[in-house]
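What follows is a short report on a single structure.
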Amino acid sequence: MGEGRGISVGIRVIRLDEVDSTNDYAKKIARKVPEGTVVLAKRQTAGRGRKGRRWESPEGGLWMSVILKPQRVDPRLVFVGALAVVDTLSEFGLSPGIKWPNDVWVAGRKIAGILTEGRAGEYTVLGIGLNVNNPTPPELQGDAVSMLELIGTPLPLDRVLERLLFHLNAWYKVFKERPELMMAKVRERTFILGRTVKIIQDYNVLIGRAVDVLDDGSLLLDIDGQLRRILYGDVSLRFF
């Protein structure tokens, strides 16, 4: 598989005007293309986040999926995307943070989401949706934000893409070689730590203080003095 040191995210970029989902497109071609191939679309008609939630994807944003081929499935790959987005936004003068496990927020609103999907032992598709110049739908005005809204001027999408690919390359290398260093940075950038949160797990609701993000990527929650480890992919967070 693709554990060589020469892997380059963005080695090939497939540009589409419109697609249902870049993740779905990437999964169809994953076996036939080199690791690091990126699928980029101007618009998605069926973009989605975790648990199949709809992700609005009009023209003006960065809607993309990266095909990776690690030796084993590792849910921490989502943090490669989150940290790359955080570093990219920081270069443009913003102050982002990670809302564990797979969202990036700025100024109390969501600006990006990351979704990993794949087939064990074959590939992982790392999907990233980043609001750049796209308008925020009226119903999401209080919850979502774009780089344009925060900075006040439209940004060249290719410039944002270039910086994002640069940081994806860097963090994917760290993930493969020193994952504990990546997780240390995740802890630095996760803004929910120390805060009381509500976690919804299917039919369970947990309320506690977010204490730590462990090296395996799980969240450590303090519930009335009892520590509980919360795994990936099955929670959403609500702040008090």
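The values are calculated or read from the model by the stated rules, or taken from the named source; none is laboratory data. In this text the structure is predicted, and so the values were computed from the model without any measurement. As a convention, Cβ positions derive from the backbone with ideal geometry for all residues, glycine included, and neighbour counts pool all protein chains shown. Each accessible area value is taken on the protein alone, full model and side chains, heavy atoms only, with ligands, DNA and RNA left out. Shrake-Rupley method; radii C 1.70, N 1.55, O 1.52, S 1.80 Å.
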Give the accessible surface of the chain per residue, rounded to a whole number of Å², with probe radius 1.4 Å and ligands, DNA and RNA excluded. 46
Sequence of Phe175, Phe92, Phe166 from largest to smallest accessible area, 1.4 Å probe: Phe166, Phe92, Phe175
Residues whose modelled amide H sits under 5 Å from the amide H of Lys110, counting only those 5 or more places away in sequence or on another chain, are Ala144, Val145
Read phi for every residue in segment 195-201 and hand back ³J(HN,Hα) as whole Hz from Karplus 6.51 cos²θ - 1.76 cosθ + 1.60, θ = phi - 60°, with x for Gly and Pro. 9, 7, 10, 9, 10, 9, 10
What accessible surface, in Å², does a 1.4 Å probe find on Trp100, ignoring ligands, DNA and RNA and rounding to the nearest 10? 0
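With the full set of protein chains in place, find how many percent of the accessible area of segment 171-232 is carbon and sulfur; take the probe as 1.4 Å.
Working: 1690 of 3410 Å².
In segment 171-232, the share of accessible area belonging to carbon and sulfur is 49 percent.
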If amide hydrogens are placed 1.01 Å from N in the peptide plane, which non-local residues have theirs closer than 5 Å to the one on Trp100? Phe191, Ile192
Evaluated at 20 °C and 1.002 mPa s, the Stokes-Einstein D of segment 60-147 based on the Kirkwood radius over Cα pairs, in µm²/s, stands at 159
Arg229 and Leu140 label points (each 7 Å along its Cα→Cβ direction) are spaced in nm at 3.4
Under 5 Å between amide H atoms, partner at least 5 residues away or on a different chain: which partners does Asp212 have, H built in plane at 1.01 Å? Leu220
Quick one: Karplus J couplings for segment 157-172, per residue in order, coefficients 6.51, -1.76, 1.60, θ = phi - 60°, nearest Hz, x for Gly and Pro? 4, 5, 5, 5, 4, 4, 5, 5, 5, 4, 6, 4, 4, 5, 6, 5
For segment 88-99, Karplus-derived ³J(HN,Hα) couplings (6.51, -1.76, 1.60; θ = phi - 60°; whole Hz; x for glycine and proline) come out as 5, 4, 4, 5, 9, x, 9, 10, x, x, 8, 9
